[in-house]
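Step one of this worksheet: look at the structure below.
The values are calculated or read from the model by the stated rules, or taken from the named source; none is laboratory data. Please read these numbers as outputs of a predicted model, since none were measured by experiment. Here the Cβ is made from the backbone with ideal geometry for all residues, glycine too, and neighbour counts use every protein chain on show.
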Amino acid sequence: MSRQFDVVVIGSGPAGYVAAIRCAQLGFNTACVEKWLSDSNKPVYGGTCLNVGCIPSKALLDTSHKFYEMQRHFADHGISAEQGSIDVAAMMGRKNKVVEQLTKGVAGLFRSNKVTGISGAGALLGKGRVRVTSADGSEEELSAATVILASGSEPSTIPPTPIDHELIVDSTGALEFDAVPERLGVIGAGVIGLELGSVWSRLGSQVTILEALDDFLPALDRQMARESLKILSRQGLDIKLGAKVTGSRTSKGKKKTVTVSYESGEGAGEAVFDKLIVAVGRRPVSDGLADPAAGLAIDERGFVEVDEYCATNIPGVYAVGDLVRGPMLAHKGMEEGVMVAERLKGKKTQVNYELVPSVIYTHPEIAWAGKNEDELKQAGVEYSTGSFSFAASGRALAANDTDGLVKLTVEKATDRIAGCQVIGASAADLLQQIVIAMEFGASAEDIALTMFPHPALSEVVHESALAVHGHAIHKANRKR
Ligand code: FAD
Ligand code: NAD
């Protein structure tokens, strides 16, 4: 006999576990099926985000930032420290502890919310029917009025650089190096390339990033992209734009190396590395997720097709997170999970896909949301901008952390804030002030008339709003 639930969620990443918890909070008898196993064969919840994504990468970013600060900036404060050294095993141990605490935390949340965790690979058999195959091969069928698919994504690969898990690794392998590589190659100057490239560069690797596109960070406007490139290059990242990788060969003799060949504007080139990270995007995990007889609509790139409320073409079946269209970001999936759960209860919850914040956790952080100058120009919307640099912030100067700026775009006709881009320390948190304001339809004047604490980095947000109308206090304003 099959076990019966109100809701079965497949996948316990941020989209799946949040959907499961919210469903349970709303009174649905909920199960969450997860295939991830620990070395000791115990189910591990939290998906890519907690295990091999957001959290471990930030743990390494934070350790490497402290190391870099000690080596490069402590002396500016008059602190003399020994040159210092990094114990990679200890750094990894700390990272693993953080991961374990959080993944066990999800298991605890499942218990306290009475979500039934089920270990195994789930497959949709049809409306309301899920088959779970355990690691030992045994099968169980579950039935539920609602099925939520949240199987997430995995690293994409490219033919010239097949992952060998030794010299050529994906993002997961790049979180596990046992020593600092002397020469590190990275393919892709996207979010992962810049974050993980920064980690190892700060710890001493000579990092070269090969990016196929001529444009750096195309999601930013050109001024902000140029500024980011300048800062990151100054930190030591050698970012080669317009470099198309054509092949690779590994030498696994005494000195293990990987040689990458590429074509760029300067002709054909070759580079030799001790490790190579391939970070060229991620693809949805939809193979085997549904029995073909179920008729689940999946597009040619592997994304499950959904409407704005994450409903698939099968009644009672929803899909959320990296498995569906939109940015592959943990918070986007979490909001979709909440939306699906609440709509099952008859609420009118929606996700505002126009306002998904993005952050690259380099230092300074690079964060953006809404429409930038280039996008407003393309849409033919008349706009103003206001910007302010951290170099003119007392708090940033006191902290010796003055790189970057805040830039607001504002619709001319209404003074409504259309977008915000921040390069700077704590950019994620500063950006969020504007995202909240934008959710309430705030104008630049609303921000300008708000009192900000002094001295605080958030004053840069305030000044950028004042600058929209030429009223910034701590800089010479442009004539308007
Ligand atoms: P996932 O987290 O991928 O989880 C899917 C889960 O489903 C997995 O546990 C998987 O085992 C399970 N599963 C798959 N198929 C089945 C099946 N058939 N049966 C049972 N279980 C199954 N995003 C951010 O917002 N901020 C960041 O700072 C950030 N940093 C990142 C850093 C790195 C290095 C990487 C790789 C990603 C990062 N991301 C970040 C992206 C973020 O991790 C993903 O957007 C997020 O994890 C997607 O959530 P999800 O729940 O859709 O899928
Ligand atoms: P990405 O899409 O951010 O960047 C991939 C880069 O690789 C692009 O710039 C692309 O032009 C380049 N590229 C693709 N093929 C190439 C080739 N053959 N040669 C050279 N360059 C090539 O993808 P990612 O960095 O792999 O990250 C994957 C996903 O994970 C992203 O969608 C991102 O949203 C998510 N993520 C988010 C965060 C965060 O929010 N801080 C951190 C890490 C990952």
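For E263, the conditions (1) more than 11 Å from ligand 2 (Cβ to nearest atom); (2) of a type in the set (D, E, K, R); (3) over 28 Å from the mean Cα position of the chain (by Cα) are fulfilled apart from (1).
Annotation: of all residues in region 314-328 being part of a loop (DSSP other than H, G, I, E, B) and within 16 Å of ligand 2 (Cβ to nearest atom), the one that is nearest to the chain's Cα centre (by Cα) is M328. Would you confirm, using the coordinates I've provided, whether A15 is within 8 Å of ligand 1 (Cβ to nearest atom) and within 17 Å of V130 (Cβ to Cβ)? It is true that A15 is within 8 Å of ligand 1 (Cβ to nearest atom) and within 17 Å of V130 (Cβ to Cβ). Among the residues of region 314-324, are any within 11 Å of ligand 1 (Cβ to nearest atom) and acidic (D, E)? So far as region 314-324 goes, yes, one or more of its residues are within 11 Å of ligand 1 (Cβ to nearest atom) and acidic (D, E).
If you go through region 157-196 and keep only what is closer than 18 Å to H65 by Cβ and of a type in the set (D, E), you end up with just E195. Being in a loop (DSSP other than H, G, I, E, B), surrounded by 14 or more Cβ atoms within 10 Å (Cβ to Cβ) and either of a type outside the set (K, R) or within 16 Å of ligand 1 (Cβ to nearest atom) (or both) is a condition met by no residue of region 266-273. Inside region 51-87, residues that are outside any loop (DSSP other than H, G, I, E, B), within 26 Å of P14 (Cβ to Cβ) and touching a helix residue (DSSP H, G or I) at 6+ places or on another chain (Cβ under 8 Å) make up a count of 12. Among the residues of region 267-313, those that are away from ligand 2 (no atom under 16 Å from the Cβ), in the same structural domain as G337 (by TED's automatic domain parsing) and either of a type in the set (D, E, K, R) or within 22 Å of K244 (Cβ to Cβ) (or both) comprise D287, D291, D299, E300, E305, D307, E308. Could you check region 93-122 and list, in sequence order, the residues that are crowded, with 16+ Cβ neighbours inside 10 Å and not in a helix (DSSP H, G or I)? Within region 93-122, V115, T116, G117, I118, S119, G120, A121, G122 meet the criteria. If the requirement is being more than 14 Å from ligand 1 (Cβ to nearest atom) and polar (S, T, N, Q), which of these qualifies: T157, T172, T161? The match here is T161. One residue is enough: does region 123-136 have a residue meeting the conditions touching a Pro at 6+ places or on another chain (Cβ under 6 Å) and part of a strand (DSSP E or B)? Checked against the condition, which is being touching a Pro at 6+ places or on another chain (Cβ under 6 Å) and part of a strand (DSSP E or B), region 123-136 yields no hits at all.
Within region 148-175, residues that are in a loop (DSSP other than H, G, I, E, B) sit with their Cβ atoms under 7 Å from residues that are within 11 Å of ligand 2 (Cβ to nearest atom) and among the basic types (K, R), at 6+ positions apart or across chains, in these pairs: S156/R282; S156/R283. The selection criterion, being in a helix (DSSP H, G or I) and not aromatic (F, W, Y), does not hold for I239. Within region 176-191, the residues that satisfy the criterion of being assigned to a loop (DSSP other than H, G, I, E, B) and either within 13 Å of ligand 1 (Cβ to nearest atom) or over 17 Å from the mean Cα position of the chain (by Cα) (or both) are E176, F177, D178, A179, V180, P181, E182, G188, G190.
Scanning region 282-313 for residues that are within 23 Å of G128 (Cβ to Cβ), under 25 Å from the mean Cα position of the chain (by Cα) and within 14 Å of ligand 1 (Cβ to nearest atom) yields a count of 10. A single member of E373, E308 is within 30 Å of G236 (Cβ to Cβ) and touching a residue at least 12 places away in the same chain (Cβ under 8 Å), and it is E373. If the condition is being more than 19 Å from I417 (Cβ to Cβ), surrounded by 14 or more Cβ atoms within 10 Å (Cβ to Cβ) and not hydrophobic (A, V, I, L, M, F, W, C), then region 447-480 contributes P455, H474, K475.
Checking every residue in region 56-66 against the condition of being among the acidic types (D, E), without any contact (Cβ under 8 Å) to a residue 40 or more places away in the chain and within 16 Å of ligand 2 (Cβ to nearest atom) gives at least one match.
The criterion of being exposed (fewer than 14 other Cβ atoms within 10 Å of the Cβ) and either of a type in the set (K, R) or within 16 Å of ligand 2 (Cβ to nearest atom) (or both) holds for K347.
Only a single item in (1) away from ligand 2 (no atom under 16 Å from the Cβ); (2) over 25 Å from G236 (Cβ atoms); (3) assigned to a helix (DSSP H, G or I) is not met by A90, and it is number (2).
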